[in-house]
Each structure stands twice: as C-alpha cells, then as structure tokens.
Amino acid sequence: MFNNMLNLYLEHNRITELSIAANALQSLETFDLSNNKISKLDGNILKSLRRFKECIFTDNVFTEIERYIYKGDGLISLTLTLRNINVLANIFYFNDIYKLIVTCKERIDDGIDIFEYVPTNSKIKYLDLSKCFLTSIPHGISKLINLETFKVAFNRIIILENVFMGMTSLKWLDLSFNRITTMDKTIFNIYTLKKLNLLFNYIELLPSNINNMINRNLQINLCRNPLHSGIDVDLQNPELISIDQVNHDIIRNIRYDRIRIFRIPEDANFDLDVKKFYEKLNIPIDERLNFEKIKLCKTDKPAKHTKTRQEIEEMLQNIFNYITYKKEEKLAILIRRIEVYYYYEDNPELIHDSFIDYQKRNSIIDHFESIVITMTGMLTEKQEEVEEVLVRLLAHLNFNHNTTIDNVSCLDGQEEAFITTYLFLKQGNDCSSTDQKITEILANLKFEILKGITTGKGEKEEAEVFLNWRNILSEELGFGKMTNLYGNISIIPELHDKKYIVEQFFMKFTFQSITD
C-alpha cells in the first residue's frame with residue numbers, strides 16, 4: 001500500500017498511536033508526524049522507522065522511549081520532542097540513527113546518564129540537544145565516537161568542560177546562547193575541531209593557553225560576548241587573558257565584536273598614603289574625624305550558608321505564597337539564578353580549576369540564604385516589607401516579567417544586588433544595640449559614598465569598579481574585602497586614580513554628612 005510514496009506529511013493532527021504494516025510505505029523517505037499526540041515511542045514505531053530516511057516527531061511530547069535493540073544499515077535522521085532529557089537514554093539502543101535532533105519541554109534536576117546505552121559502534125554523526133535545559137554537557141558524550149557535529153545552543157551551560165577527550169571525529173561544536181563564563185583550557189586542543197561557536201555567552205576573559213593551542217586553524221565565534229581588553233590579568237588570575245592579548249596568528253581565526261572592546265586606562269597614584277593625604281586636607285580641627293575609627297566602621301558579612309539548594313527553593317516557594325503581583329515570574333527568575341549560583345553543588349570536581357569563580361558564587365549564596373531566612377521570619381507580621389525587599393532585589397537583577405531570558409550583570413554585579421538587599425534588611429533589624437546601629441549607619445554611609453563615586457557613570461559593569469576600589473581601600477579605610485573576578489574595567493581615567501577616589505571620598509564623608 002502506497003509503496004511508491006516518497007514523502008508523507010501528517011503534522012497537526014490528533015494522532016495518539018501509530019502502526020504501519022510491514023508491506024506498506026516501502027519507498028517512503030520522509031515521514032513527518034509533527035504536532036500530534038503521540039507520547040510513547042514504542043518498539044512498533046521504531047521497527048517501522050528502519051525503512052525511512054527522515055522521521056520528524058517535533059511537538060509530540062514523548063514521556064517514554066521503549067528499548068528496541070536494532071543494528072541496521074539504513075541510517076535515518078530522527079527529530080524528537082521530549083518531556084525532559086532523561087527520556088532520551090533508551091533511544092541509543094536503536095543503532096540506526098546518524099542524525100538526532102532533540103528538544104525538551106521541561107527542566108529536570110535529577111539527571112541520569114543519558115548516554116549510558118550508547119553502543120561501542122554508535123553511528124550518530126550529528127547530535128543537536130539545543131533547548132534541553134542542560135546546565136552542563138554529560139561526560140558520556142565521548143562514547144559517540146563518530147560524532148562530527150554537536151549542537152547544545154539555547155541551554156544553561158555555565159562552565160565549558162572538555163568532555164570530548166578521545167573523540168577523533170568531532171568537527172563542529174555549537175554552544176551559542178548559553179551562560180558560559182568559564183572554559184576548560186584544553187578545549188582549544190581538540191585537534192579535529194574546525195568550528196567552535198560561542199556566540200551570545202558571558203565570556204569576558206579567555207584561558208591564557210589559547211596562545212599555545214594545538215589546533216591553530218580552529219575557527220572561533222565569540223561575537224556578542226562581553227569581552228574585556230587591556231586588563232592587567234597578572235594581578236587577578238594569570239591563567240586568564242583579555243582578547244587583545246591573544247596572539248596575532250590566533251586572533252585572525254576569532255570572530256568578535258571589535259566595537260565593544262575597550263582599553264583600560266593606566267592606574268595612577270597607587271602609592272598614595274590615605275592617612276597622610278587626609279591629614280593634609282584643609283579641614284578645621286573641630287571637624288576632623290578620627291581616622292582610626294573610620295576604619296573600624298565596617299559592614300559585616302552574613303554567616304556561611306548551611307542550607308542546600310532544595311531547602312532554599314522550598315523556603316522561596318513558601319515566601320511566594322504570600323506574594324500576589326507577578327508571583328510566578330518573580331519566583332522563576334530567582335530559581336533560575338539559584339541554578340547558576342549552586343552550580344558547584346552538583347559539580348564539586350570543578351572547584352579546583354575554578355576556585356575564584358567558586359568563591360564568588362559561594363559569597364552570593366551566603367547573602368541569598370541570609371536574605372531568604374530573614375524574609376521567612378518577617379512573613380507573619382511584616383508581609384508588606386517582604387514584598388518591598390523582593391522588589392528591591394529584583395530591580396537590582398534587572399527583572400523583566402515579560403521574558404525568561406535574564407538580563408543580569410556579571411557575577412560581581414549580581415553579588416552587589418544581594419549585598420545591597422542584605423544591608424537593607426540589616427538596617428531594619430530592631431535587635432541591634434545602639435552602638436551596632438551607629439556602626440552600621442557609618443559603615444553604610446562609607447559604602448554608599450564609595451559606590452556613588454565609582455558607579456553611575458553609564459558603564460555596563462560598574463560593579464566591578466566599585467568592588468575593585470573597595471578591595472584596594474580595605475586596609476586604609478576599613479572596607480571589607482570581597483572576591484572581585486575581573487578587577488577595574490572602567491574606561492574613565494579618574495576611576496583609575498587613587499588620589500581622585502580618596503579626595504572625592506573625603507569631600508563627601510565629613511563631620512556634616514555624618515551629622516545629617
């Protein structure tokens with residue numbers, strides 16, 4: 001029946017089951033069943049697929065794939081939509097696929113090894129796992145020994161690990177539209193790789209060994225990444241370099257947005273003694289401040305976090321039971337942020353190679369947990385204040401209820417959002433003693449003055465500048481040190497001049513401003 005038919009399109013129907021007679025559709029090459037209601041890819045369907053060249057099941061949300069062991073020579077292209085990525089594992093028993101395209105409808109946290117059943121002679125050459133809610137690339141992918149093209153675009157990958165060891169056929173990696181900030185320094189040494197697409201990620205600096213990469217003909221796309229330039233990375237992390245430190249013979253194979261690259265001015269007056277500078281200022285004796293007491297006014301840090309990611313998510317769920325306006329959207333962005341901050345909880349083996357990044361995320365979690373615990377304690381009597389806290393925090397995170405793509409700043413900037421919210425809650429703590437209150441007020445005044453000097457100039461990542469000066473002045477003016485990932489990236493010359501910063505600080509931190 002219909003044995004001369006080459007293409008069959010049955011999309012947008014309400015088909016729930018499929019059975020094809022053994023003697024039917026003998027010449028069929030393309031079979032499109034998109035947008036139907038089939039939820040199980042069973043053995044009967046898989047048995048029928050052997051004779052086709054291309055099968056498309058897009059938007060049939062499969063919740064189960066039956067184990068069907070088959071080793072054929074026909075080789076088909078298969079397109080699937082799954083409920084979540086865990087459903088995929090059994091498809092690899094069907095070893096007659098050369099091209100596999102998968103999308104998922106839901107995120108899942110307790111991921112299994114989706115490549116567990118890949119045979120030793122896997123025939124897959126093209127694998128697309130875009131839009132599958134992946135936060136990392138499963139290590140088992142190295143079993144796909146014949147894989148040439150691997151796409152994982154539009155996922156949530158933060159750290160690009162080199163999980164491709166031993167793969168001798170890989171030619172093209174597409175990791176565009178992820179959240180990558182950190183790359184394994186060996187990723188450039190996959191000698192068969194021809195193209196590496198990192199378009200639209202969060203990459204600011206590159207592994208320094210890119211200049212010694214083995215695969216010197218590798219074409220890399222870094223467009224629409226917030227690449228930095230002109231940073232003295234030796235002061236921050238010698239294993240990272242800026243784009244303008246990449247060798248000429250390498251840079252010619254890299255696409256990036258040159259118009260967005262900026263040059264950092266030289267640092268000035270860094271040998272300035274702040275105490276002596278203050279003593280020479282023309283300030284009346286009766287208005288001079290006790291310099292040593294200025295240093296003692298510090299903002300405290302929250303306790304180290306003790307709760308798991310799941311516990312924090314459950315506490316947030318409870319808090320949002322009391323929220324009315326846009327509660328689902330507000331909760332969703334915080335859950336997405338948690339996924340980023342708790343990355344190392346699921347990947348502890350990566351801490352050693354990304355320790356500074358790990359420290360930064362840990363600091364954010366410390367503040368996040370303290371905020372969540374404090375808000376939980378306020379729910380019964382101060383519900384309106386809880387809503388105000390959330391509004392402030394989400395504003396700092398650039399919350400937009402119309403999108404699920406978060407327009408957040410870098411991790412330094414995100415930490416600043418949580419620090420500011422944490423301090424706001426601390427000021428409202430009625431349990432503090434008078435001395436503690438005064439110290440907190442003065443510490444916050446110092447904090448806000450320095451922030452006012454170093455930010456508000458229209459630069460995208462100005463939190464980096466503030467944190468950099470906070471660390472530089474930590475000993476002389478009593479600012480607590482924080483992990484600063486990338487240092488001072490401002491292009492404004494004054495913001496690299498210690499004399500300017502200190503002078504502006506003492507113009508604003510005065511006897512009168514404290515009195516006011």
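Brief remarks on what is shown
- Average projection area in nm² (convex hull over Cα atoms of the chain, one quarter of hull surface): 28.4 nm²
- Relative to the compact-globule estimate of 2.2 N^0.38 Å, the Cα radius of gyration of region 276-515 comes out at 1.09.
- FRET efficiency, THR403 to VAL163 (Cβ-Cβ, R0 30 Å, nearest 0.05): 0.50
- Along the axis of the charge dipole computed for the chain (Cβ charges of +1 for Lys and Arg, -1 for Asp and Glu, origin at the Cα centre), the listed residues VAL274, ASN347, PHE200 are led at the positive end by PHE200.
- Considering region 275-356 at the alpha-carbon level, its Rg and Dmax are found to be 22.6, 58 Å.
- Normalised per residue, the volume of the convex hull around the Cα set of region 364-417 (Å³): 83 Å³
- When only the Cβ of Lys, Arg, Asp and Glu is charged (+1, +1, -1, -1), the dipole of region 276-515 relative to its Cα centre reaches about 620 debye.
- Hits among lysines - C-alpha to C-alpha of LYS40 under 28 Å, sequence gap 8 or more where chains match: LYS53, LYS71, LYS99, LYS105, LYS123, LYS125, LYS131, LYS143, LYS151
- The ratio of the alpha-carbon radius of gyration of region 91-163 to the globular-protein estimate 2.2 N^0.38 Å is 1.06.
- Antiparallel bridge percentage (DSSP; both residues within the chain; nearest 5): 5 percent
- The charge dipole of the chain, taken about the Cα centre with unit charges on the Cβ atoms of Lys, Arg (+1) and Asp, Glu (-1), comes to about 1540 debye, rounded to the nearest 20.
- Angle in degrees between helix 411-427 and the longest Cα principal axis of the chain, rounded to the nearest 10: 50 degrees
- Top positive-direction residue, dipole computed over the chain with Cβ charges, set ASN253, LEU495, SER363: ASN253
- Compared with the dominant Cα axis of the chain, that is its longest principal axis, helix 383-396 is turned about 80°.
No lab work stands behind these numbers, since they all come straight from the coordinates. Remember, it's a predicted structure, so these values are computed and weren't measured experimentally. Quick reminder, even Gly has a Cβ in these numbers, built from the backbone with ideal geometry, and neighbours come from all protein chains shown.
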